[in-house]
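Structure, as C-alpha cells:
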Amino acid sequence: AYERRFPTCPLIPMFVASDTVNEYKSEDEAVHVIERRCKLDIDAPRLLKKIAGVDYVYFVQKNSLNRRERTLHIEAYNETFSNRVIINEHCCYTVHPDNEDWTCFEQSASLDIKSFFGFESTVEKIAMKQYTSNIKKGKEIIEYYLKQLEEEGITFVPRWTPPVACKLESSTSHPKRPVSPAINIPDSATKDGLNNKEILNTSSSPSEPTAGTPDDKLDADYIKRYLGDLTPMQESCLIRLRQWLQETHKGKIPKDEHILRFLRARDFNIDKAREILCQSLTWRKQHQVDYILDTWNPPQVLQDYYAGGWHHHDKDGRPLYVLRLGQMDTKGLVRALGEEALLRYVLSINEEGLRRCEENTKVFGRPISSWTCLVDLEGLNMRHLWRPGVKALLRIIEVVEANYPETLGRLLILRAPRVFPVLWTLVSPFIDDNTRKKFLIYAGNDYQGPGGLLDYIDKEIIPDFLGGECMCEVPEGGLVPKSLYRTAEELENEDIKLWTETIYQSASVFKGAPHEVLIQIVDASSVITWDFDVCKGDIVFNIFHSKRAPQPPKKDSLGAHSITSPGGNNVQLIDKVWQLGRDYSMVESPLICKEGESVQGSHVTRWPGFYILQWKFHSMPACATTNLPRVDDVLASLQVSSHKCKVMYYTEVIGSEDFRGSMTSLESSHSGFSQLSAATTSSSQSHSSSMISR
C-alpha cells in the first residue's frame with residue numbers, strides 16, 4: 001500500500017513527481033532497497049521562492065524493505081539547499097510484538113537551519129506546517145491505498161519464506177543477521193559529484209570542514225577580490241573570530257568584510273572586536289536596523305530640508321556622500337522631527353552606504369568596504385551650535401562609531417569657517433582616533449589648489465556648487481518653517497514610538513531568579529515559537545506545561561536591579577512549592593545558551609493548558625568529567641558580574657493550520673545577521689538550531 005504513492009500521489013498535491021535513482025534486491029528477495037529523487041512544490045510565499053531562486057525543492061527518499069525481519073524503514077533528506085538547511089526524516093513500519101495482526105508505525109524528523117537569506121524562522125514555520133500536515137494525512141493516505149487494494153481483491157500478502165538453498169546455507173554457514181535499516185549517504189558525496197551507484201555503496205566519505213576545525217587559510221583569490229591585503233596574522237584573526245561566531249551564534253554569520261571592519265577598529269584584538277561586534281549585532285536586531293531601508297520612509301521634512309545625498313564615487317571607487325551642513329537648519333530639523341528621527345535617517349544613510357560598497361566591489365572588481373564623505377561648511381555659523389542640535393549630533397556620532405566602524409574611508413571638510421574650531425572641539429572627543437586620521441580640512445577655497453579636491457574626486461563629478469560641472473541633486477536645505485515645529489511632548493511620544501517598534505522584550509535573569517513567560521494554549525497542536533538573544537551571561541532555556549494556571553506574576557525582590565530599558569523585567573511564575581512531575585512537567589530538553597547566541601525554535605503543543613517559557617541562570621561547572629572548560633568559557637565567566645544575565649526575546653503562538661507566517665511571524669524571523677550575512681568560504685557550518693518536537 002505504501003509503495004502505491006509513487007511515482008506521484010494525488011492525495012499529496014505538493015508531491016509533483018519522483019524518479020528512481022537506485023534499486024537493490026537481494027538474491028533471496030528478502031531485502032529490497034529503492035532510492036528515489038522526489039520533486040516537491042512547497043507551499044511557500046512567492047517572495048521567499050523568488051529570493052531563494054527556486055520553484056521546486058528536491059528530496060532523496062530511501063525505502064528499505066526487509067521481508068525477513070518484516071520491517072520497512074523510510075529515510076528522507078533534502079537535496080535542495082543542503083548547505084543551508086538540513087532536514088532528516090525517518091519512518092518505520094514494524095509488526096507488533098504481541099499481535100501479528102497489528103502494524104506499528106513510528107515517525108521522527110529533525111530540522112537544522114544554518115542560514116537562509118535572513119528568513120530562517122519563516123522557513124522553519126513552512127517546514128513545520130508541511131510536517132504537521134503530512135502527519136495528519138499519513139493515516140488517510142495509507143487507508144486510501146489499502147481500500148484500493150481490497151477493491152482489486154488483494155487482502156493478504158503471503159509471509160516471505162527463504163528459498164531451500166538459502167535455508168541450507170543460512171543454517172550451516174552464517175548466523176541470522178538483521179539487515180541495516182538504511183545507509184547514511186553523506187552530503188559531501190553529493191557535493192563531490194559521485195554518481196548514484198557510488199553514493200549508495202559508500203558508507204563514509206570525507207566531509208566538509210566543520211565549524212570546530214575551519215581551514216587555517218583563506219583562499220588568496222578570495223582575499224584579493226573581497227577583503228584586500230591581509231597579513232598572515234590578520235587572516236588568522238579573521239578566521240578565529242569567524243569560528244567563534246560559528247560556534248556560539250545559532251544563526252547566520254556576518255560577512256567576512258563586516259567582521260573585518262570590527263577587527264580593524266580594534267587593531268585586530270580579537271577579544272575587543274568580539275565584544276563590540278556582539279553588542280552591535282544585538283543592537284541591530286533589537287531595533288530592526290537590517291530592514292530600515294525597506295520598512296521606514298523618511299518624513300517629507302527630511303526629504304526637503306536635509307541637505308545630503310549620494311553622488312557618484314571617488315577616484316578609489318568608494319561611494320561618495322555629499323553633506324551641505326552649512327546650508328542645513330539643524331535646529332529646525334530637531335524641533336520638527338526630534339532626535340530619534342534624525343538618528344534613524346542617519347542609520348538609513350549608513351545602511352545604504354553598506355549596500356553601495358557591495359555594488360562597487362562588484363563593479364570595480366576589488367574590495368571596497370568604506371565610503372567617502374564630502375562636507376561643505378559654507379554657511380556654518382553660531383546657529384549650528386544650538387545646544388540640543390549639538391547633543392543630537394554627538395549621539396549620532398556615538399551610535400555610528402559603535403555600529404559602523406571602519407566604514408568611513410575619507411572625510412573631506414571644505415570651506416571651514418572661523419566658527420568651525422568651536423564645533424570641532426565639541427565633537428572630536430567622540431570620534432575614534434583611527435577615524436580622525438581620515439579627516440582632511442580645507443579653509444576657504446584651499447580645496448581648489450594642489451592637494452585639494454581633484455586629488456580625490458574626478459573633475460567630471462565635482463558638484464556645481466563647488467565650482468564643478470556636475471549637477472548635484474542633493475537638496476539645498478534652507479530654514480525649516482516654524483509651522484512644522486512640534487511640541488516637546490509630541491516629540492517625546494514620537495521618539496518612543498520610533499524606538500519601541502521593536503517586537504522584542506528585554507528581561508533580566510539572576511542567579512536563583514529566572515525570568516518566566518506564561519502562554520495559555522486552548523487548542524492542542526498549536527505551535528509556540530520563540531526567538532531570543534542572550535545579551536549577557538549564559539542561560540538555560542526550558543519549556544514546562546501545567547494543567548493549572550500559576551499565581552499572577554509577581555515582581556522579584558531583585559527587580560530593582562533589572563534592566564532599565566523599556567520591558568526589562570524579571571517575572572517568576574512557578575511557585576516554589578510546585579514539584580516537577582506533579583504540578584508541572586518539562587516538555588523540551590533544557591537548552592544551554594551562551595552569551596552572544598541567537599536562538600530560534602518552536603514547539604508543537606500536545607495538550608491544552610498553560611505553558612511556561614523559562615530563562616534560567618546557568619552556572620558553569622568547575623570541571624567536566626571528560627574535558628576541561630574552554631579558555632573562552634573561563635574568560636566569559638570572569639566578565640559576567642553580579643550573577644546577572646540579560647535576554648531579549650519574542651514569542652508567538654500560531655495555530656498549526658496557519659503555521660506558515662503572518663506578518664508578525666515574518667518579523668519574528670528577523671535576525672541581527674540578516675542584512676550582513678552571506679555565503680562566505682566557511683560560513684556554511686554556522687550553527688542555527690531549531691527544535692521540533694511533538
**Message:** For a quick check of understanding: with a 1.4 angstrom probe and all protein chains in place, what accessible area in square angstrom does H96 have, to the nearest ten?
**Reply:** 50
**Prompt:** When only C-alpha pairs under 8 Å and at least 6 residues apart count, what is the relative contact order of the stretch 220-287, in percent?
**Reply:** 26
**Request:** Scan the stretch 126-162 for GluC sites (Glu not before Pro) in coil per DSSP, keeping those whose Cβ has at most 15 other Cβ atoms within 10 Å, and list them by number.
**Result:** E152
**Item:** For V21, distant residues with modelled amide H under 5 Å away
**Value:** E35, R36, R37
**Request:** In vacuum, with every alpha carbon of the stretch 220-287 counted as one equal point scatterer, what does the Debye formula give for log10 I(q)/I(0) at q = 0.16, 0.19, 0.24, 0.26 Å⁻¹? Two decimals, please.
**Result:** -0.52, -0.73, -1.10, -1.25
**Prompt:** Which semi-axis lengths, in whole Å and largest first, follow from the square roots of five times the eigenvalues of the Cα gyration tensor of the stretch 326-443?
**Reply:** 25, 17, 13
**Complete:** Taking placed amide H atoms and a strict 5 Å upper bound, the residues 5 or more places from S525 or on another chain that come that close are T605, R606, W607
**Prompt:** What percentages, rounded to whole numbers, describe P(r) for the stretch 388-467 computed over all alpha carbon pairs with 10 Å bin width beginning at zero?
**Reply:** 15, 43, 34, 9
**Request:** Quantify, in whole percent, the carbon and sulfur part of the accessible surface of the stretch 222-293 (1.4 Å probe; protein heavy atoms only).
**Result:** 47
**Proportion of all alpha-carbon pairs of the stretch 2-152 beyond 23 Å (%)** = 43
**Request:** Only bridges with both residues in the stretch 290-483 count here: give the DSSP antiparallel percent, nearest 5.
**Result:** 20
**Complete:** In Å², rounded to a whole number, the accessible area per residue of the stretch 1-109 with probe 1.4 Å is 55
**Asked** Around G309, what is the net charge, scoring Lys/Arg as +1 and Asp/Glu as -1 over all other residues with Cβ under 13 Å from its Cβ?
**Response** -3
**Asked** Residue by residue through the stretch 386-398, which ³J(HN,Hα) values in whole Hz follow from phi under the Karplus form 6.51 cos²θ - 1.76 cosθ + 1.60 (θ = phi - 60°), with glycine and proline marked x?
**Response** 3, 4, x, x, 5, 4, 5, 5, 5, 5, 4, 4, 4
**Item:** Exceeding the 26 Å Cα-Cα cut-off - candidates K62/K129; K391/K644; K391/K459
**Value:** K391/K644; K391/K459
**Prompt:** By what distance, in whole Å, do the Cα atoms of the stretch 244-353 stretch along each of the three principal axes, largest value first?
**Reply:** 47, 36, 23
**Fill in**
Note to self: C-alpha centroids of the stretch 58-80 and the stretch 327-365 sit apart, in Å, by 54
**Request:** May I ask you to derive the relative contact order of the stretch 2-152, considering only C-alpha pairs under 8 Å and at least 6 residues apart, and to give it as an integer percent?
**Result:** 14
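The values are calculated or read from the model by the stated rules, or taken from the named source; none is laboratory data. Model, not experiment: these values are computed from the prediction. So basically every Cβ, Gly included, is an ideal-geometry build from the backbone, and we count neighbours across all protein chains shown. Heads up: the accessible areas ignore ligands, DNA and RNA and are worked out on the full protein's heavy atoms, side chains in. Shrake-Rupley method; radii C 1.70, N 1.55, O 1.52, S 1.80 Å.
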